[in-house]
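A short worksheet on the structure shown next.
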């Protein structure tokens, strides 16, 4: 069965420091992969997505993610974190089954930013 | 452009009461879905629809009903509320009928408490 694992429940980084959030998936073929961000009290917003091609994808707000097939990973990175990046981040994979598919979400990583 | 609109934002119910969470989108999206978000569980799919008149179950459908009489609206009904249904509910839509490759657009959520 397809699944998404985000190993880190909570991460704290200092403002200006670099960030990497981990995501591992299980899926036999090349998956469709997404990162979403949820600010407090808000719905989720798409940061970036990977379907095929260049394994390094750029997203909004200065985020990027790298797809590594050999490691079944799709880690999210940002070179310099801003206080406004404090939020919860969800990795998701497109699920196939029957005639329609939908997304499987990881359990999320909460990011705190220290001044 | 309103996007995805959910009402109400907050609701308190007593065990056994029924209610409907409303969801409307103005983007002419075929795909609509309901997720629930619980601490440490991420987002879990309740029901989804790939067009008017078509609905299907997700991971956690028990205790919930849906219908899709128009493209714009996708209400979620709780028939007899239970404390286990205390959660934050998100409606999401996508221009991709499968939702697998397309971006999901989320509402701001409805926080439900069942006493």
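Does the range B:38-59 hold any residues that are at negative phi and more than 13 Å from every other protein chain (Cβ to nearest Cβ), and which are they?
Matches in the range B:38-59: B:52 only.
Residue A:63 - would you say it is under 12 Å from the mean Cα position of the chain (by Cα) and more than 14 Å from every other protein chain (Cβ to nearest Cβ)?
It is true that residue A:63 is under 12 Å from the mean Cα position of the chain (by Cα) and more than 14 Å from every other protein chain (Cβ to nearest Cβ).
Could you tell me which numbered condition residue A:45 fails, if it satisfies all but one of (1) within 26 Å of residue B:35 (Cα to Cα); (2) touching a helix residue (DSSP H, G or I) at 6+ places or on another chain (Cβ under 9 Å); (3) not in a strand (DSSP E or B)?
With (1) within 26 Å of residue B:35 (Cα to Cα); (2) touching a helix residue (DSSP H, G or I) at 6+ places or on another chain (Cβ under 9 Å); (3) not in a strand (DSSP E or B) applied to residue A:45, the lone miss is (3).
Is at least one residue of the range A:76-89 in contact (Cβ under 8 Å) with a residue 60 or more places away in the chain and within 24 Å of residue B:93 (Cα to Cα)?
yes
Among the residues of the range B:62-77, are any within 11 Å of another protein chain (Cβ to nearest Cβ), closer than 16 Å to residue A:43 by Cβ and either touching a strand residue (DSSP E or B) at 6+ places or on another chain (Cβ under 6 Å) or touching a residue at least 12 places away in the same chain (Cβ under 8 Å) (or both)?
No, the range B:62-77 has no match at all.
Name the residues in the range B:78-109 that are closer than 20 Å to residue A:42 by Cβ, modelled with pLDDT of 95 or more and more than 10 Å from chain A (Cβ to nearest Cβ), would you?
Of everything in the range B:78-109, those that are closer than 20 Å to residue A:42 by Cβ, modelled with pLDDT of 95 or more and more than 10 Å from chain A (Cβ to nearest Cβ) turn out to be B:86, B:87, B:89.
At pLDDT below 95 and within 12 Å of the chain's Cα centre (by Cα): does that describe residue B:58?
yes
Looking at B:27, B:32, which is the one that is buried (at least 19 other Cβ atoms within 10 Å of the Cβ), modelled with pLDDT under 95 and more than 9 Å from chain A (Cβ to nearest Cβ)?
Testing whether each residue is buried (at least 19 other Cβ atoms within 10 Å of the Cβ), modelled with pLDDT under 95 and more than 9 Å from chain A (Cβ to nearest Cβ) leaves just B:32.
Can you say whether residue A:6 is under 15 Å from the mean Cα position of the chain (by Cα) and closer than 22 Å to residue B:58 by Cβ, as far as the supplied structure shows?
For residue A:6, the condition - under 15 Å from the mean Cα position of the chain (by Cα) and closer than 22 Å to residue B:58 by Cβ - is met.
I'd like the full set of residues that are within 15 Å of residue A:93 (Cβ to Cβ), away from chain B (no Cβ under 11 Å) and touching a residue at least 12 places away in the same chain (Cβ under 8 Å), limited to the range A:22-56.
Once the filter is applied, which keeps residues that are within 15 Å of residue A:93 (Cβ to Cβ), away from chain B (no Cβ under 11 Å) and touching a residue at least 12 places away in the same chain (Cβ under 8 Å), the range A:22-56 yields A:22, A:23, A:24, A:25, A:26, A:27, A:30, A:35.
Within the range A:73-83, is there a residue that is buried (at least 21 other Cβ atoms within 10 Å of the Cβ), within 15 Å of residue B:103 (Cβ to Cβ), in contact with a strand residue (DSSP E or B) (Cβ under 7 Å, 6 or more places away or on another chain) and more than 11 Å from chain B (Cβ to nearest Cβ)?
Looking for residues that are buried (at least 21 other Cβ atoms within 10 Å of the Cβ), within 15 Å of residue B:103 (Cβ to Cβ), in contact with a strand residue (DSSP E or B) (Cβ under 7 Å, 6 or more places away or on another chain) and more than 11 Å from chain B (Cβ to nearest Cβ), one finds none in the range A:73-83, hence no.
Can you tell me which residue among B:53, B:40 is out of contact with any strand residue (DSSP E or B) (no Cβ under 9 Å at 6 or more places or on another chain), surrounded by fewer than 21 Cβ atoms within 10 Å (Cβ to Cβ) and closer than 20 Å to residue A:41 by Cβ?
Being out of contact with any strand residue (DSSP E or B) (no Cβ under 9 Å at 6 or more places or on another chain), surrounded by fewer than 21 Cβ atoms within 10 Å (Cβ to Cβ) and closer than 20 Å to residue A:41 by Cβ holds for just one of B:53, B:40, which is B:40.
The values are calculated or read from the model by the stated rules, or taken from the named source; none is laboratory data. Worth saying up front: this structure is predicted, and the values here are computed from it rather than measured. All Cβ positions, glycine included, derive from the backbone under ideal geometry; neighbour counts span all protein chains shown.
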